[in-house]
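Have a look at the structure below before the remarks.
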Amino acid sequence: MKKELPIILCGILSAIPALASEQSQSKGFIADSHFNLLLRNAYMKRDYKVPGIQNRAEWGQGLIADWQSGYTRGLIGFGFDAMGQYAVRLDGGRGKSGDGGIDFFKQAHNGKAKSELAKFGATAKMRISDTVISYGTQRPQLPVVSADNSRLLDETFTGVVVTSKEIHGLDINAGYLTDEQRKSDDRHNSGLKSLSFGGASYQFNDRFSGSFYASNVEKTLNKQYLGLSYQQPLAAEQSLALNFNGYNSRLTKKYASQLDTGRSNTIWSMAANYSWWIHTFKLAYQQSNGSTGYQYAGYRDQGGVGDGGNSIWLDNSYWSDFDAKGERSWQAAYGIDFSELGIPGLSYNIAYVRGDNIKTSQTSNGHEHELYNQIQYKVQSGVAKDLTLDLRYSILRVSANAADYNSGGSEIRFFADYPFSFF
């Protein structure tokens with residue numbers, strides 16, 4: 001992929017049509033600029049139901065500032081983006097920090113969590129027609145490399161990314177990343193050597209869309225992703241949506257040996273969502289096959305993959321991802337939007353997922369199940385307009401013979417996001 005990126009770029013640029021484009025409509029470096037600020041207060045607590053595993057909790061206040069310039073006028077436009085992240089620990093000391101799944105503030109070698117974080121990033125960018133080439137701090141949101149933005153501060157990468165929308169309905173993305181910054185740390189090197197990726201998504205018509213992506217993490221794995229989505233309007237205020245997501249992965253011999261596992265995995269999920277008025281009903285099935293479970297996320301210097309904490313676009317992913325070796329899982333979910341009942345901005349979702357056939361060193365039929373709840377409210381007007389309050393509660397139980405794969409317990413998450421858009 002490292003050698004293929006220039007070839008992909010040349011192909012994109014050679015296909016640029018002589019039509020009106022985003023660059024031709026540029027208003028300038030300053031006139032098209034935007035500055036956004038997000039204040040985030042986040043609390044997470046995990047009470048494990050496994051002997052020997054300590055309960056964990058972290059609480060912090062974060063700030064994410066994001067400035068994006070416009071592009072200079074002309075055939076080729078140039079721009080510059082900058083971001084700053086700051087967080088202060090409000091609680092999570094006294095032995096409560098250190099959970100890799102929470103990961104608000106990284107622990108030092110002495111076991112003490114950081115009391116504050118300050119992180120900065122910058123990106124230089126160039127636009128030709130509807131194609132953008134950027135280098136610097138990146139926060140990709142793609143199925144094979146997706147920076148985690150679901151904790152206190154954002155995870156980021158460093159590298160070059162090419163995005164192109166030259167053909168209506170077709171989005172092309174390719175990149176080469178050489179660095180990953182952990183969301184809970186201010187260091188810029190988490191052990192990632194290189195990650196190359198490429199792929200595209202296409203809107204075939206108003207109802208049907210698809211995407212395909214591939215990635216290579218040096219000395220770790222190769223991965224391919226296929227996603228399909230179809231929406232069918234039914235009677236008044238009713239619709240049906242079908243979604244398919246699937247990954248095929250192959251680990252290197254050295255990395256598989258490090259994990260003491262096999263090398264291949266294929267995992268997929270299929271979901272049906274029926275919407276009626278304020279209600280949404282969901283049924284999903286997920287299947288993991290191969291000589292290992294689905295491998296993603298983590299950090300290279302800790303033995304993880306290093307492709308981003310959100311790189312799992314599968315339906316049965318909540319606290320547990322239900323992605324063990326051989327695992328199959330079923331989900332039933334329900335959501336309600338209270339806007340039509342006189343409470344705009346309020347919603348509630350509940351889901352139950354059960355997985356079995358988990359294969360570990362102890363069993364060939366481990367099982368787990370999770371009950372997930374989420375209530376969310378977004379302020380609609382006034383001085384606190386757009387303030388979002390999000391409360392989640394999950395109960396996860398894992399059979400004792402599958403302890404090598406996962407640990408059960410209960411989890412609480414509370415997030416208060418207050419965004420400001422200055423211009």
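For the reader, a short list of remarks on this structure follows.
- Summed over the residues of the chain and divided among them, the accessible surface reaches 48 Å² per residue at a probe radius of 1.4 Å.
- Set of aspartates and glutamates near residue 378 by C-alpha distance (under 18 Å), chain-local residues within fewer than 8 positions excluded: 337, 340, 386, 390, 417
- Within the full protein context, the accessible area of residue 313 is estimated at about 100 Å² for a probe radius of 1.4 Å.
- For residue 390 and residue 279, a Förster radius of 25 Å and the Cβ-Cβ distance give a FRET efficiency of 0.75, rounded to the nearest 0.05.
- In terms of distances greater than 18 angstrom between alpha carbons, the cross-link table entries 165/223; 223/254; 114/183 yield 165/223.
- Relative contact order [Cα under 8 Å, 6+ residues apart], the range 188-229, whole percent: 34
- Relative contact order [Cα under 8 Å, 6+ residues apart], the chain, whole percent: 12
- Helix 4-14 vs. the chain, principal-axis angle (Cα, 0 to 90°, nearest 10): 40
- Separation of alpha-carbon centers, the range 357-423 and the range 191-245, rounded to whole Å: 23
- Relative contact order for the range 268-373, counting Cα pairs under 8 Å that sit 6 or more residues apart, in percent: 24
The values are calculated or read from the model by the stated rules, or taken from the named source; none is laboratory data. Quick caveat: nothing in here was measured; it's all calculated off a predicted structure. All Cβ positions, glycine included, derive from the backbone under ideal geometry; neighbour counts span all protein chains shown. To get the accessible areas, we keep the full protein, side chains included, count just its heavy atoms, and leave off ligands, DNA and RNA. Shrake-Rupley method; radii C 1.70, N 1.55, O 1.52, S 1.80 Å.
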